[in-house]
1. Kindly indicate the residue of segment 229-244 that is more than 19 Å from VAL300 (Cβ to Cβ) and surrounded by fewer than 18 Cβ atoms within 10 Å (Cβ to Cβ) and also nearest to the chain's Cα centre (by Cα) among those meeting that condition.
2. Test ALA306 against the criterion of being within 30 Å of ALA144 (Cβ to Cβ) and either of a type in the set (Gly, Ala, Ser) or out of contact with any strand residue (DSSP E or B) (no Cβ under 6 Å at 6 or more places or on another chain) (or both), and give yes or no.
3. Kindly indicate which of GLU250, GLU270, GLU277, GLU264 is without any contact (Cβ under 8 Å) to a residue 60 or more places away in the chain, buried (at least 17 other Cβ atoms within 10 Å of the Cβ) and among the acidic types (Asp, Glu).
4. Could you say which residue among ALA8, ALA18, ALA39 is modelled with pLDDT under 95 and either part of a strand (DSSP E or B) or crowded, with 16+ Cβ neighbours inside 10 Å (or both)?
5. So which residues in segment 128-166 are under 15 Å from GLY322 (Cβ atoms), among the basic types (Lys, Arg) and surrounded by fewer than 18 Cβ atoms within 10 Å (Cβ to Cβ)?
6. Out of the residues in segment 209-228 meeting the condition of being aromatic (Phe, Trp, Tyr) and under 19 Å from ALA186 (Cβ atoms), tell me which one is surrounded by the fewest Cβ atoms within 10 Å (Cβ to Cβ).
7. So VAL164 fits all but one of (1) in contact (Cβ under 8 Å) with a residue 60 or more places away in the chain; (2) farther than 20 Å from GLY255 by Cβ; (3) touching a strand residue (DSSP E or B) at 6+ places or on another chain (Cβ under 7 Å); what number is the exception?
8. Restricting to segment 60-116, count the residues that are surrounded by fewer than 23 Cβ atoms within 10 Å (Cβ to Cβ), under 21 Å from LEU292 (Cα atoms) and of a type in the set (Lys, Arg).
Amino acid sequence: MEPFKFQAARARARLQAAVRSWMAAAGYDEVETPCLVPAPGMEPHIRAFETRYHPEGGGGGPGLYLHSSPEYAMKRLLADGWRRIFQLARVFRDGELSAAHNPEFTMLELYRAGTDYRGIMEDLEQLLSSCARAFHPEGEARLARRGAALDLSPPFERMTVAEVFSARAGIDLTACDGDPRRLRQAAQDRGHAVGPPEEGFDDLFFRLFLEAVEPSLGWPRPVYLVDWPASMAALARLKPDDPRWAERFELYLAGLELANGFSELRDAGEQRRRLEEERELRRRLGRPAYPLDERFLEAVGRMPEAGGVAVGLDRLLMLLTGAEAVEEVLLFPAREFLG
């Protein structure tokens, strides 16, 4: 086996040890939930791998999915009384293969009761700083990326999505107020490329985000983008004082998205409504419309106030080791057999 593969495997073990050490010291319990589930996540742009259970005695069994996140199961644990939990989970997303994607990857997911997205951001920046120190020869919270020095010492920078769109794309998102026609006009006025006229607000938003915003984020320090448009809340709580925005954050470092977190939604009726809307959107897009996870929906109404986050561990390992592509930190990347 190539020497760099040995190095990548040892680096992964070091990173996982650093994660477990920090989480234990912070009072988090490690949990393990099933990869095989009856209902995957409903995000419109994520496709789950589907399989089927075949009873040994014969006959048809139920359809099952490889989970794209352990989120539903871990929130059921919160509802059952767990207070601080984390998991290093193997997760699966069909069709995702690029320099920053592999169909099977490792996700660090953590939840803490009694806090919101601000508390989770504080925990995450302390955790990532500790991980960076574990890889630095002098124990500093620093790393190098493409000749640039990156500082991971907390606190990380925080910007609202509206602020970053104004600064990087020259667009006033607040004035657009979720209207795709206004956003399209603002983008055209600033000289940005736009898609087909029927494109909705969210799709146009992400087109602009990927072109004009994301590549410049997280240099020379990590940055949290907070307070996303309400239409992108997913499983997040809306801001009580301004429901146009969701208490959601994403973390960026060196132009890479590393994490996505929320103040958790605890209204089961609202959560059901959102999932049904996403399921209908999946149908319109010609994608599988997955079943609702009724056990998860029941648990949402019993959850304590909480925050949570999912972190792409392979991407973090890329940054810590200087790798340019996720396949460099995997022993058996999917590209070997998918081409």
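The values are calculated or read from the model by the stated rules, or taken from the named source; none is laboratory data. All figures in this text were calculated on a predicted structure; none of them were measured in a lab. Cβ sites come from the backbone with ideal geometry, for glycine too, and all protein chains shown count toward neighbours.
1. This residue is SER231.
2. No, not satisfied.
3. On the way: GLU270 fails: buried (at least 17 other Cβ atoms within 10 Å of the Cβ); GLU277 fails: buried (at least 17 other Cβ atoms within 10 Å of the Cβ); GLU264 fails: without any contact (Cβ under 8 Å) to a residue 60 or more places away in the chain.
Criteria check complete, one pass: GLU250.
4. ALA8
5. Residues satisfying the conditions are ARG142, ARG146.
6. Only one residue tops the list, namely PHE209.
7. (2)
8. Counting residues in segment 60-116 that are surrounded by fewer than 23 Cβ atoms within 10 Å (Cβ to Cβ), under 21 Å from LEU292 (Cα atoms) and of a type in the set (Lys, Arg) gives 1.
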